[in-house]
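K.L.:
Before we start, here is the structure in question, set down as structure tokens.
The values are calculated or read from the model by the stated rules, or taken from the named source; none is laboratory data. The structure presented is a predicted model; accordingly, all values stated were derived computationally and were not measured. Because the Cβ atoms are built from the backbone with ideal geometry, glycine has one as well, and the counts that use them run over all protein chains shown.
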């Protein structure tokens, strides 16, 4: 049960953008949009956590929140940890070896 809940911890098509969550917190949305985001935050664990993050780490009012692409080796590491399988552990070793070869030593 917990595993299924963790898998659902992500933004969905119904979630407001990070910019809209930030605008909501900064009071820059219309009354109607603010109401919609507030209702959504009350029912979405991911967006609620995102708004908590923005409250604890305030952004500049006009700062745009830009999504960043996760580096391939970190993505593979996360995937290996989530898979929790022998194949994942081997992939992790390969990742570490690849990084070590590229840098001329251990990372």
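K.L.:
Looking at 98, 19, can you tell me which residue is assigned to a helix (DSSP H, G or I) and at pLDDT 75 or above? Even if it seems obvious, please write down each step before you answer.
P.N.:
On the way: 98 fails: at pLDDT 75 or above.
Result of the check over 98, 19: 19.
K.L.:
Hey, can you tell me all the residues within segment 60-77 that are at pLDDT 75 or above and surrounded by 10 or more Cβ atoms within 10 Å (Cβ to Cβ)? Don't jump to the end; show me each part of the working.
P.N.:
In the first step, residues of segment 60-77 are kept if they are at pLDDT 75 or above; the result is 68-77.
70, 72, 73, 74, 75, 76, 77, listed by residue number.
K.L.:
Name the residues in segment 25-39 that are assigned to a helix (DSSP H, G or I) and at pLDDT 95 or above, would you?
P.N.:
Correct list: 31, 32, 33, 34, 35, 36, 37, 38, 39.
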